[in-house]
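Let me begin by presenting the structure, written as structure tokens, before commenting on it.
The values are calculated or read from the model by the stated rules, or taken from the named source; none is laboratory data. Note that the structure is predicted; figures quoted are calculated from it, not measured. Counting neighbours? That spans all protein chains shown, and the Cβs are built from the backbone with ideal geometry, glycine included. To get the accessible areas, we keep the full protein, side chains included, count just its heavy atoms, and leave off ligands, DNA and RNA. Shrake-Rupley method; radii C 1.70, N 1.55, O 1.52, S 1.80 Å.
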Amino acid sequence: MPPADASAETDAAAEPDAAPVDPDAAPADPGSAPADPGSAERSGSGAGERDAVEDTLDLKLTEELLALIAEERNTGTDRARVPQELLGDPGAWPPAATAAGEFALLPVRPERDLPVLSRWMNDPAVAAFWELAGPESVTADHLRPQLEGDGRSIPCLGVLDGTPMSYWEIYRADLDPLARHYPARPHDTGVHLLIGGVNNRGRGVGTTLIRAVADLVLDNLPRCGRVVAEPDLRNTPSVSAFLSAGFRFSAEVDLPDKRAALMIRDRTYRAQL
């Protein structure tokens with residue numbers, strides 16, 4: 001399973017069976033942590049010259065990505081590459097209008113996206129939970145099983161007002177090893193995420209986008225009754241962000257690589273939460 005967020009992102013290695021957990025367990029207290037999963041991901045870099053260099057690198061990567069994204073949208077090559085049997089094609093889902101701007105999911109293309117994804121994975125705040133720091137080959141190895149698989153997990157860039165700024169994994173939770181650890185229902189769909197770049201963290205953007213992605217899943221996958229997530233219990237800002245985005249705390253779950261908070265957003269109650 002993936003990082004501290006959930007796992008298709010983490011993809012999954014076989015996990016030992018565990019007894020089902022009580023979906024109605026008492027909720028955890030998120031405390032006063034900021035409702036943004038990125039707010040707990042603070043970079044280890046200091047201010048000044050290093051920040052300026054990082055900002056410049058972000059800008060350069062963004063310009064290159066934008067040019068490639070525009071070119072591939074014109075040729076329609078992205079959609080042809082996405083397996084559509086299990087989750088459809090997130091790249092074809094209409095963009096979501098949010099308070100932060102227009103947001104869309106774009107299926108990952110390693111030849112286009114690997115440099116920026118690897119850079120995000122090497123941010124100490126991200127690496128603490130995703131554990132994918134290292135050369136680009138580490139991130140490539142993480143992506144490969146999803147890209148070459150049967151479509152049960154689709155890695156995507158999150159594009160806000162035309163700028164790539166986050167990474168998402170949309171996955172079939174009922175077909176993932178996670179299903180061994182909670183009472184899964186058919187077509188449960190999971191999400192993993194990271195917010196790239198410190199400028200996008202700590203401002204509530206994570207909460208806004210979590211809600212937007214959950215709505216995109218429910219709007220475009222009519223057989224999905226629940227969106228689930230499994231942030232690491234240590235990542236209090238992430239748990240708080242999911243709560244603020246309309247998810248409910250269902251249970252604590254012992255996974256092979258972490259103790260997680262099982263978060264669920266029910267289609268039935270999406271209008272109330």
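Quick look at the numbers
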quantity: Exposure ranking of His142, His187 by accessible area [1.4 Å probe, largest first]; calculated: His187, His142
quantity: Per residue, in Å², the accessible surface of the range 77-216 once ligands and nucleic acids are set aside, probe 1.4 Å; calculated: 36
quantity: Projected label distance in nm at Leu233 and Glu136, using a 7 Å step from Cα toward the beta-carbon; calculated: 3.9
quantity: Cα gyration tensor shape for the range 196-273, rounded if a/c is under 1.5, else prolate or oblate; calculated: oblate
quantity: Prolate/oblate/rounded call for the range 116-273, Cα gyration tensor, a/c under 1.5 rounded; calculated: rounded
quantity: Exposure rank, largest accessible area first [Arg144, Arg201; 1.4 Å]; calculated: Arg144, Arg201
quantity: Gain on full stretching of the segment that runs from Thr98 to Arg259 - 0.36 nm per residue minus C-alpha separation; calculated: 54.8 nm
quantity: Fraction of accessible area attributable to carbon and sulfur, the range 178-260 (%, probe 1.4 Å); calculated: 46
quantity: Relative contact order, percent, the range 96-191 [alpha-carbon distance under 8 Å, six or more residues apart]; calculated: 24
quantity: Rounded, prolate or oblate (a/c below 1.5 giving rounded, otherwise prolate when a/b exceeds b/c) for the range 165-213 by Cα gyration tensor; calculated: prolate
quantity: The range 154-273 - charge dipole about Cα centre, Lys and Arg +1 at Cβ, Asp and Glu -1, debye rounded to 20; calculated: 240
